[in-house]
Amino acid sequence: MTKRFANKKIVASALAALTIAASQGALAARDHISIVGSSTVYPFTTTVAERFSRSSQFNTPVVESTGTGGGMKLFCAGVGENTPDITGASRRIKQSELDNCHKNGIDVVEVQVGFDGIAIANAKGAPRLSLSRKDLFLALAKKVPNPDGSDTLVANPYKTWKDVNPTLPAQKIEVLGPPPTSGTRDAFAELVMEHGCETIPMIAEMSKDDKKVACQTLREDGAYIEAGENDNLIVNKLVADPAALGIFGFSYLDQNTDKVQGSLIEGQEPTFDSIADHSYPVSRPLFIYVKKSHVDVVPGMKRFLAEFTSERAWGDDGYLADKGMIPMPTARRQQVLADVHKLNTLSTLAQK
């Protein structure tokens, strides 16, 4: 290493240290925890924030629903008073997001908090559908195999569920779902669309990049409607339009059983038990991500993490289970809790 290059590295390190020190000074002036992220994790985080506030002398955390992707952008933008301390995620952080955090001087503590299922639901009282993931791929993909049997992909021609599968009703395909910034959208693409399309031989034989485009690109002709990050809004729209389906986390289904019902996927109904024992095929882990440098500076951070990872919150009979979150096995909770106590940070996604 040349002397000039070494000097540049020393100056850069010193400037980074000064920036972090200045940010920590500003953080000390902030009197509340700032939380952003997933709309799916939002109701759980809000519940923990309310319990934390009632049982401590600290101010109630400010929780915003920005979507998983939007939350990661805000979280990884830097350290300091004007950046969030915690972000919720309905999927694991991406390597590109982790790299961005590291680039901006952020040490990231990963905390898995439980599991959730993705429901494909419609209005209570409407006919309940029984769908396969292949049905959902053929209904929602932008391009699908040519119905004439040739090995080509064509713009999706299917208008009704019966067009997709003769056993389904002749009902217009209309699905309300999350936007690209949503972790639920990412999880739906991976757990439903990719799995469904890989049952089709011509797509299964594609290169990895071509397959990803074919499997995950949703149609834009009105059959799939981006309904924003507000899952309660989707529930209300389903009530108003019994012919439509909606995609959202199980907790919203669980809290609105008087209004909506979950479709069967591969013959399995989305229930607390079917997600817990993994018989329901569309389930995913839920996370919060924490800035290590903020933990000792922002008032109440340690106490908030202790509340979220307490048995009364995330345990088998905890209050988050009452809200629809599926608890992790006891051994997994103990492992996560040990990592939280040590504030172990992620260096790469190879870590579990």
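The values are calculated or read from the model by the stated rules, or taken from the named source; none is laboratory data. Just so it is clear, the structure is predicted and the values come from calculations on it, not from any experiment. In this analysis, Cβ positions are derived from the backbone assuming ideal geometry, glycine residues included, and neighbour counts consider all displayed protein chains. Only protein heavy atoms, including side chains, enter the accessible area calculation; ligands, DNA and RNA are left aside. Shrake-Rupley method; radii C 1.70, N 1.55, O 1.52, S 1.80 Å.
Quick notes
- Residue list for segment 167-180, restricted to those being within 16 Å of the chain's Cα centre (by Cα) and surrounded by 18 or more Cβ atoms within 10 Å (Cβ to Cβ): Gly177, Pro178
So that you can scan it fast, the table gives a plain yes or no per residue for (1) within 18 Å of Pro180 (Cβ to Cβ); (2) surrounded by 15 or more Cβ atoms within 10 Å (Cβ to Cβ); (3) of a type in the set (Asp, Glu); (4) at pLDDT below 95:
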residue	(1), (2), (3), (4)
Phe5	no, no, no, yes
Ala16	no, no, no, yes
Ala49	no, yes, no, no
Thr66	yes, yes, no, yes
Phe75	yes, yes, no, no
Ile93	yes, yes, no, no
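- Meets criteria (in contact with an Asp or Glu (Cβ under 8 Å, 6 or more places away or on another chain), crowded, with 17+ Cβ neighbours inside 10 Å, free of Cβ contacts under 8 Å to residues at least 60 places away in the same chain and not acidic (Asp, Glu)) for Val36: yes
- Any hit, segment 238-245, residues being open to solvent by 10 Å² or more (accessible area, probe 1.4 Å), more than 16 Å from Ala126 (Cα to Cα) and either modelled with pLDDT under 90 or of a type outside the set (Ser, Thr, Tyr) (or both): no
- Residues located in segment 114-172, provided they are under 30 Å from Asp273 (Cα atoms), of a type in the set (Ser, Thr, Tyr) and assigned to a loop (DSSP other than H, G, I, E, B): Ser132, Thr167
- Pair list, Cβ < 8 Å and 6+ apart or interchain, from segment 199-215 residues that are free of Cβ contacts under 8 Å to residues at least 24 places away in the same chain and more than 16 Å from Ala189 (Cα to Cα) to residues that are among the hydrophobic types (A, V, I, L, M, F, W, C) and surrounded by 11 or more Cβ atoms within 10 Å (Cβ to Cβ): Met206/Ala214
- Meets criteria (closer than 18 Å to Asp116 by Cα, modelled with pLDDT of 95 or more and either open to solvent by 50 Å² or more (accessible area, probe 1.4 Å) or aliphatic (A, V, I, L, M) (or both)) for Ala338: no
- When residues in segment 80-127 are screened for being touching a strand residue (DSSP E or B) at 6+ places or on another chain (Cβ under 8 Å) and among the polar types (S, T, N, Q), 5 of them pass.
- When residues of segment 230-247 are limited to those that are in a loop (DSSP other than H, G, I, E, B) and more than 23 Å from Pro281 (Cα to Cα), the one nearest to the chain's Cα centre (by Cα): Asn230
- Inter-residue pairs, beta-carbon under 9 Å, first more than 18 Å from Ala141 (Cβ to Cβ) and in segment 161-174, second assigned to a loop (DSSP other than H, G, I, E, B) and open to solvent by 30 Å² or more (accessible area, probe 1.4 Å), 6+ apart: Pro169/Pro127; Gln171/Pro127; Gln171/Ala243
- Inside segment 77-88, residues that are among the aliphatic types (A, V, I, L, M) and open to solvent by less than 10 Å² (accessible area, probe 1.4 Å) make up a count of 1.
- Of the residues making up segment 101-135, those that are hydrophobic (A, V, I, L, M, F, W, C) and out of contact with any Ser or Thr (no Cβ under 9 Å at 6 or more places or on another chain) number 3.
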